[in-house]
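Written below as structure tokens is the structure these notes are about.
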Amino acid sequence: MSTFRVFLAILWLAIASYTSVVIANHGLGLLQVFFGDMALMAWPGQFNLDFMCMLLLSGLWVSWRHHFSATGLLLGVLAVLGGAFFLTTYLLVVSHRMSGGIPELLLGQARAID
């Protein structure tokens, strides 16, 4: 588990660093670029559509892991909007709170016990 946590921390640092540079150089116009590329129906848009589907699956998994509770739904929305930056943070926090290993990490405590 510690190797996985180191991997998550490296991903988090890479995303945070890269995002900081992009914001400094280009501002916060992400949505215009993201959906603009999709509207052009070219490879950058195809990648964005694929990525958006992965974000939606991530949000669905986080919500499911929390049994679609109010907290789970909120975390699911954050997963969609926050992408890998949110997911790495979420997995780091959850991995420190749990005691059951990977099944508990993936399924949540209640499902991992069943």
What number of residues within the range 87-114 satisfy the criterion of being free of Cβ contacts under 8 Å to residues at least 12 places away in the same chain and crowded, with 18+ Cβ neighbours inside 10 Å? 1
Gly72 - would you say it is surrounded by 12 or more Cβ atoms within 10 Å (Cβ to Cβ), assigned to a helix (DSSP H, G or I) and on the phi > 0 side of the Ramachandran plot? no
When both residues are 6+ apart or on different chains and their Cβ atoms are under 7 Å apart, which pairs have a first residue that lies in the range 25-48 and is at pLDDT 95 or above, and a second that is among the aromatic types (Phe, Trp, Tyr) and in a helix (DSSP H, G or I)? Asn48/Phe34
I'm trying to understand the selection: among the residues of the range 51-75, which are over 18 Å from Glu104 (Cα atoms) and small (Gly, Ala, Ser)? Ala70
Filter the range 75-114 for residues that are outside any helix (DSSP H, G or I) and in contact with a helix residue (DSSP H, G or I) (Cβ under 6 Å, 6 or more places away or on another chain); which is nearest to Leu31 (Cα to Cα)? Gly108
Checked against (1) under 13 Å from the mean Cα position of the chain (by Cα); (2) not in a helix (DSSP H, G or I), Met41 satisfies every condition except (1)
Can you run down the residue pairs with Cβ atoms below 9 Å, 6 or more apart or on separate chains, where the first is in the range 56-75 and in contact (Cβ under 8 Å) with a residue 40 or more places away in the chain and the partner is loosely packed, with under 12 Cβ neighbours inside 10 Å and in a helix (DSSP H, G or I)? His67/Ala110
May I ask you to verify whether Val62 is within 28 Å of Thr3 (Cβ to Cβ), modelled with pLDDT of 95 or more and either assigned to a helix (DSSP H, G or I) or among the aromatic types (Phe, Trp, Tyr) (or both)? yes
Ser2 meets each of (1) surrounded by 11 or more Cβ atoms within 10 Å (Cβ to Cβ); (2) modelled with pLDDT under 95; (3) of a type outside the set (D, E, K, R) with one exception, condition (1)
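The values are calculated or read from the model by the stated rules, or taken from the named source; none is laboratory data. Computed from a predicted model, the values in this text were never measured in an experiment. Neighbour counts are summed over all protein chains in view; Cβ atoms, including those assigned to glycine, are modelled from backbone coordinates with ideal geometry.
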